[in-house]
Amino acid sequence: MSLRNVLMSRYWIFFVNGYKAADYFKFKYNGEIRGYKHPNEFYWSLKEDVLYLYDINKILKAQLQFVYSSDEKCIIKGEFLDDPENIKFCFESPSKEYRPKKFSPTKDAYPHMKIGDHTYGIPDIIDGPHGEVVIGKFCSIAVGVSIVAANHNMNFASTYPFKTIWNEQWRFLGDILDHTSKGKTTIGNDVWIGKSAFIMNGVKIGSGAVIGAGSVVTKDIPPYAIVGGNPAKLLRFRFGEHIINKLLQIKWWDWEDEKIDDFLPLIMSENVELFIQKAEESNNC
């Protein structure tokens, strides 16, 4: 494999003077640098096995050479040309399989639950062991959000959860369950949940939906719906039916991160029709 292909096919860890500056450094096919964000390292080129880095204005800033390359580990070293004596650069790719850890703080907070990558926010999952909660990718969860996975059993003589709050004072209750649930709570992809929203068990929130701050969600929410209130009611849909159906077919949240990165200018644009057009063209390639 050529050095150019080695560069573009791997993820790299970036060190400055021996200190890790970034876990995610990617050399793109179009000469751009992705992951690490600094105006001094924005573009790249490879000439006669020498790696050059350029700033956002395409002014040469660094020069590096491969010092070690194998089927597994690769190392590139060089210096920052504005201060070559004091600023040394190093790129390291531990293996062909190395991938940087994805930004997924919600998944990190609840590692045993099914939560998609890039979702952020730490909801309070009430009675989580007694119900199932599934959250998709790229969800935005504000502070104070509560998800009720299960409820105390109100059909007993007492709602007190004797089995859950077990101690040596009470007898072993065997198969008796002191919590009930209406079923799995499912939150789709790219869902925005506002501050202090309250989501009950058994509901399904469709991808692209927006839950207003303080809403109490007791029923299913359609994809790309905007809801609010107690109980939450439909206020409007974000887009027309045709656009919604197209977005649900495209499922951009299931793309590889690199493809999402390439499409970000369109994803972050109000010209949703153009995004759909380009996404469909790319899927048909």
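What follows is calculated from the coordinates using simple rules that are stated; it is not laboratory data. These numbers were taken from a predicted model, which means no experiment stands behind them. FYI the Cβ positions are ideal-geometry reconstructions off the backbone, even for glycines, and counts take in every protein chain you see.
Just in the range 69-131: which trypsin sites (Lys or Arg not before Pro) are loop by DSSP and have at most 13 other Cβ atoms within 10 Å?
On the way: sites: Lys73, Lys77, Lys88, Lys96, Lys101, Lys102, Lys107, Lys114; in loops: Lys73, Lys96, Lys101, Lys102.
Filter output for the range 69-131: Lys73, Lys101, Lys102.
Kindly give the semi-axes, whole Å and largest first, of the ellipsoid equivalent to the chain, taking each as the square root of 5 times a Cα gyration tensor eigenvalue. Walk me through the numbers on the way to the answer.
Details: eigenvalues 445, 132, 47 Å².
In descending order, the three semi-axes are 47, 26, 15 Å.
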**Report entry** Helix 272-283 axis, angle to the chain major axis (alpha carbon atoms, nearest 10°)
**Finding:** 70
**Report entry** Computed E for His242/Asn5 - FRET, C-beta separation, R0 30 angstrom, nearest 0.05
**Finding:** 0.15
Report summary line: Pairs over 29 Å Cα to Cα, from Lys47/Lys73; Lys204/Lys246; Lys77/Lys278; Lys37/Lys259; Lys77/Lys107; Lys37/Lys278, come to Lys77/Lys278; Lys77/Lys107
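Loop-only GluC sites (Glu not before Pro) in the range 1-97, please: DSSP not H, G, I, E or B, and at most 13 other Cβ atoms within 10 Å.
Glu48, Glu72, Glu85, Glu97
Can you give the helix-only mean residue ellipticity at 222 nm for the chain, where every DSSP H stretch with n ≥ 4 adds -39500 (n - 2.57) and the sum goes over all residues, rounded to the nearest 500 deg cm²/dmol?
-4500 deg cm²/dmol
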Query raised in the report: Spin-label point model (7 Å from Cα, Cβ direction): what's the Glu97 to Glu280 distance in nm?
Result: 4.0
Report task. Subtracting the Cα-Cα distance from 0.36 nm times the residue separation, let me have the gained length for Lys251 to Ser69 in nm, one decimal. Result -> 61.8 nm
Query raised in the report: What is the extension gain from Ala21 to Val272, computed as 0.36 nm multiplied by their sequence separation minus the C-alpha to C-alpha distance, in nm to one decimal?
Result: 86.8 nm
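For the chain, what relative contact order do you get, as a whole percent, if you take Cα pairs closer than 8 Å and at least 6 residues apart? The partial results should precede the final answer.
Values: 606 pairs, mean separation 25.0, N = 285.
Across the chain, relative contact order equals 9 percent.
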Report summary line: Rounded to one decimal in nm, the spacing of the 7 Å Cα→Cβ label points at Glu132 and Leu173 is 2.3
Query - Antiparallel %, DSSP beta bridges [both residues in the chain], to 5 - result: 65
